[in-house]
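The values are calculated or read from the model by the stated rules, or taken from the named source; none is laboratory data. For clarity, every value in this text was computed on a predicted model and none was experimentally measured. We place every Cβ from the backbone using ideal geometry, glycine too, and count neighbours over all the protein chains shown. The area values use the complete protein model at the heavy-atom level, side chains included, leaving out ligands, DNA and RNA. Shrake-Rupley method; radii C 1.70, N 1.55, O 1.52, S 1.80 Å.
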Amino acid sequence: MSGKNIPVGSIVLLGAPGAGKGTQAKLIAGHYGIPHISTGDILRDNVARGTELGRKAKRVMERGDLVSDDLVNGMVADRIKQPDADRGFVLDGFPRTVAQAEWLDRELAAKAGEKKQTVVVDVDVSYNQLLQRLTGRRTCPVDGKIYNIYLQPPKNEGLCDVCGTQLFQRVDDTEEVISERLKSYERQTKPLEDFYRKHGRLRRVNGEQSVEKVMADMFRAIEGARLRQGLSD
Ligand code: AMP
């Protein structure tokens, strides 16, 4: 599989917080040479910079609730218009509601020359495994590398293996907020599976395997969908 010049289209990764969407999205984006668009990362960046968007989103995020569709849709609209997203992009954490998914379909249909369907892959992980992954997650602020104190600890406690920087825990990765985030997921994001299944677009991957196995299954799912759309090499 080559990847850096071919049309790819839009790829959506579904799955609960902690399912490993971010890790997989980075690998897919790197393989095809397309941007990884994480709405959570864009929002956190706005919060850190204290922008108007960040001020509006901060408290909602700290509670583990979802930011309003309008705000997030606007953010995605701006991002996918950038020239680096011309050949396609990987969406991680978006859509998260059926209204966002409907908006995305309309937006992509309206995009000049867009004739491909979104490829949707659901990363499936059990509730208990999600809890362990989220409560144990630690991130390096410098290179973004993600560890887990239970499942994938750094060599020296609390420090990044690559650059030695002190790792941090996301403010919304505490047990109380995690339980809210998983509830929002069940209530608002789970119905998306039905939305995409109804349109025959949902592909599932078992997320409780090694990163390499999940990645291999992901590529199989994506390439299968691209082949069907006549986009493969
Ligand atoms: P994530 O990093 O994807 O887990 O997102 C962190 C937080 O950002 C979520 O708990 C929400 O508060 C907010 N967020 C991210 N993406 C969306 C979205 N598509 N719709 C609404 N809120 C979002």
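Output the lone cysteines of the chain: those with no second cysteine's C-beta under 4.7 Å from their C-beta.
Cys163
Add -39500 (n - 2.57) for each DSSP H run of 4 or more in the chain, then divide by its residues: what number comes out at 222 nm, to the nearest 500 deg cm²/dmol?
When only DSSP H runs of four or more count, the value is -14000 deg cm²/dmol.
With just the Cα atoms defining each centre, how far is region 188-233 from region 53-124? Give it in Å.
Centre-to-centre (Cα) distance: 17 Å.
Could you tell me the accessible area of His36 in Å² (1.4 Å probe, neighbours in place), rounded to the nearest ten?
Accessible area, nearest 10 Å²: 50 Å².
Under the rule of at least 5 residues apart or a separate chain, name every residue whose amide H is placed under 5 Å from the amide H of Arg138.
Hits under the 5 Å cutoff: Tyr147, Asn148, Ile149.
For Met215, Met61, what's the largest-to-smallest order of accessible area, 1.4 Å probe?
If we order Met215, Met61 from most to least accessible, we get Met215, Met61.
What are the extents of the Cα atoms of region 55-101 along their three principal axes, listed from largest to smallest and rounded to whole Å?
Reported extents, whole Å, longest axis first: 36, 23, 16.
Just flag the GluC sites (Glu not before Pro) in region 122-205 sitting in loop per DSSP whose Cβ has no more than 12 other Cβ atoms within 10 Å.
Qualifying residues, ordered by number: Glu157.
What's the magnitude of the charge dipole for region 62-124 around its Cα centre, counting Lys and Arg as +1 and Asp and Glu as -1 at the beta-carbon? Answer in Debye, nearest 20.
Charge dipole, region 62-124, about its Cα centre: 320 debye, nearest 20.
Please give the per residue accessible area of the chain, computed with a probe of 1.4 Å over protein heavy atoms only, in Å².
51 Å²
Quick check: pseudo-label points 7 Å beyond the Cα along Cα→Cβ at Thr51 and Gln82, how many nm apart are they?
Taking the two extended label points, one gets 1.0 nm.
Amide H of Val120 versus every other amide H placed in the peptide plane: which residues, excluding those fewer than 5 positions away on the same chain, fall under 5 Å?
The answer is Val12, Arg203.
Can you give me the % of accessible surface on region 98-233 that is carbon or sulfur? Probe 1.4 Å, all protein chains present, nothing else counted.
51 percent
Based only on Cα atoms, what Rg/Rh ratio does the chain have, Rh being taken as Kirkwood's radius?
When Rh is taken as the Kirkwood radius, the ratio is 0.95.
Determine the share of region 44-88's accessible area contributed by carbon and sulfur atoms, expressed in whole percent, with a 1.4 angstrom probe.
48 percent
Compute the orientation-averaged projected area for region 113-219 from the convex hull of its Cα atoms and round it to one decimal in nm².
Reported value for the Cα convex hull: 9.1 nm².
Which order do the peptides 13-19, 47-53, 128-134 take when ranked by the mean count of other beta-carbon atoms within 10 Å per residue, highest first?
Listed from highest to lowest mean packing, they are 13-19, 128-134, 47-53.
Which residues does a label at Val98 reach in region 178-197, if reach means a backbone N under 14 Å from a point 7 Å past the Cα toward the Cβ?
Only 187-197 pass the distance filter.
Which residues' amide hydrogens lie under 5 Å from the amide hydrogen of Leu167, considering only partners 5 or more residues apart or on another chain, with H built in the peptide plane?
Residues meeting the amide H criterion: Leu159, Cys160.
Find the relative contact order for the chain and round it to a whole percent, using C-alpha pairs within less than 8 Å whose residues are 6+ positions apart.
28 percent.
Can you work out the FRET efficiency for the pair Asp65 and Arg197, with r the C-beta to C-beta distance and R0 = 30 Å, to the nearest 0.05?
Approximately 0.70, to the nearest 0.05.
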